[in-house]
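Everything on this sheet refers to the single structure shown next.
Just so it is clear, none of the values below were taken in a lab; they were calculated from the coordinates. These numbers were taken from a predicted model, which means no experiment stands behind them. Cβ sites come from the backbone with ideal geometry, for glycine too, and all protein chains shown count toward neighbours.
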DNA sequence: CTATGTAGTCAAGCTGCTTGACTAAAACTG
DNA sequence: CAGTTTTAGTCAAGCAGCTTGACTACATAG
């Protein structure tokens, strides 16, 4: 017994490390967004904003991006409409569909999130330096299923 | 406009990259655990097992580890007891408390999870090499709030 | 022009969490 | 050591966010 190589033990807490880092980041950004006055928004909404931002998105597109059912996405849109962050417009190309777009408030919130993210990431990235940052990005990309949960911006 | 430095754009998708990697890992491990016959277990239970494993844990300790209320932790223990993964014993040092420990089935499941994790991580770690792996671990640790969501093993 | 597929919503239900209230035991405190 | 406060755990009720199922309106393929 006790013949398990050290590499394994160290390898096995990579998932915890990753989760821990991701959570710390999300919590930090969320705190920054709240501090900027957007208190009725949760991290999950950020992923929605990322997809809606720019040209807008349909409910189905949003559902795919968030990996939930279209009903769940529709409910989230209801919520965001009620809170004034997004709007439903008739879709220019498809009378069945609706184009969800950010309101001014939604755009302001997105900016706040970007500021908060920069605030959290900048000092860490500075300590790392551009070289290690690039390496980390490459290595993480290799770990992630390509294209999943990526932002549209 | 358009004067935002490139560094910022690249920095801003680090959270997405991290989340994406973490999710891919968790999904992969979960699939491996299911493939080994433990189909009534979800990733969240893995974090519970990690804390219970070894000397065992109380409900309150588990709650702290999972960052939920003690009621939620107690409900999860109910569930795991019903499924045969853990047991409640009287605590040797405190008559109020109960010591939660893994059953044989719980230990087997933990082993399955370690196997699954190794299976997912090994090829990726091999491609990286020990040097970059060490660097990545260091950099992620710097990002994570120290000590959070760490395993006890 | 009919048949099949797709976008979105309504409705009901479930799961996993929360808050609040409580019991029993431990740990302070004067 | 009696009295107070804190801590471990549970019961109960409620809520948020998701699911499945059923449906309407429009699009598209044959």
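Across peptide A:128-141, the average count of Cβ atoms from other chains found within 10 Å of a residue's Cβ is 5.
Averaging the sequence gap over all C-alpha pairs within less than 8 Å and six or more residues apart, then dividing by the number of residues, gives chain A a relative contact order of 27 percent.
For the rotation that carries chain B onto chain A, the axis lies closest to a Cβ at B:22, 2, where the number is the distance in whole Å.
Shown here are the Rg and Dmax of the Cα trace of the range A:17-101, at 14.2, 47 Å. Just to compare against my own numbers: the Cα pair-distance distribution for the range B:63-114, 5 Å bins, whole % per bin, please. Taking every Cα pair in the range B:63-114, the percentages come to 5, 19, 21, 27, 21, 6, 1. Here residue A:93 yields copy-to-copy label distances, from shortest upward, of 6.5 nm, the label point defined as 7 Å from Cα along Cα to C-beta.
The C-alpha atoms of chain A define a longest principal axis, and helix A:43-52 lies at about 60 degrees to it. Within the listed set B:58, B:141, B:110, the Gaussian network model of chain B (springs between alpha-carbon atoms below 10 Å) gives the highest mean-square fluctuation for B:141.
Kindly express, to the nearest 10 degrees and within the range 0 to 90, the angle between helix B:70-82's C-alpha long axis and the longest C-alpha principal axis of chain B. Approximately 70 degrees, to the nearest 10. Summary for residue B:10: label point 7 Å along Cα→Cβ; distances to the equivalent points in the other copies, ascending, 2.6 nm. Separation of the range A:4-76 and the range B:67-125, taken as the distance between their Cα centroids, equals 26 angstrom.
The C-alpha radius of gyration of the protein assembly as shown, expressed as a fraction of 2.2 N^0.38 Å, stands at 1.11. The C-alpha atoms of chain B define a longest principal axis, and helix B:14-35 lies at about 40 degrees to it. Ranked from shortest, the separations from the 7 Å Cα-to-Cβ label point of residue A:119 to its equivalents in the other copies are 4.4 nm. When chain A is treated as a Gaussian network with alpha carbon springs shorter than 10 Å, the biggest mean-square fluctuation among A:112, A:95, A:72 belongs to A:95. Springs between Cα atoms under 10 Å define the GNM used for chain A, and in it the highest mean-square fluctuation of A:37, A:56, A:46 occurs at A:37. In chain A, inverting the average of 1/r over every pair of distinct C-alpha atoms gives 17.6 Å as the Kirkwood radius.
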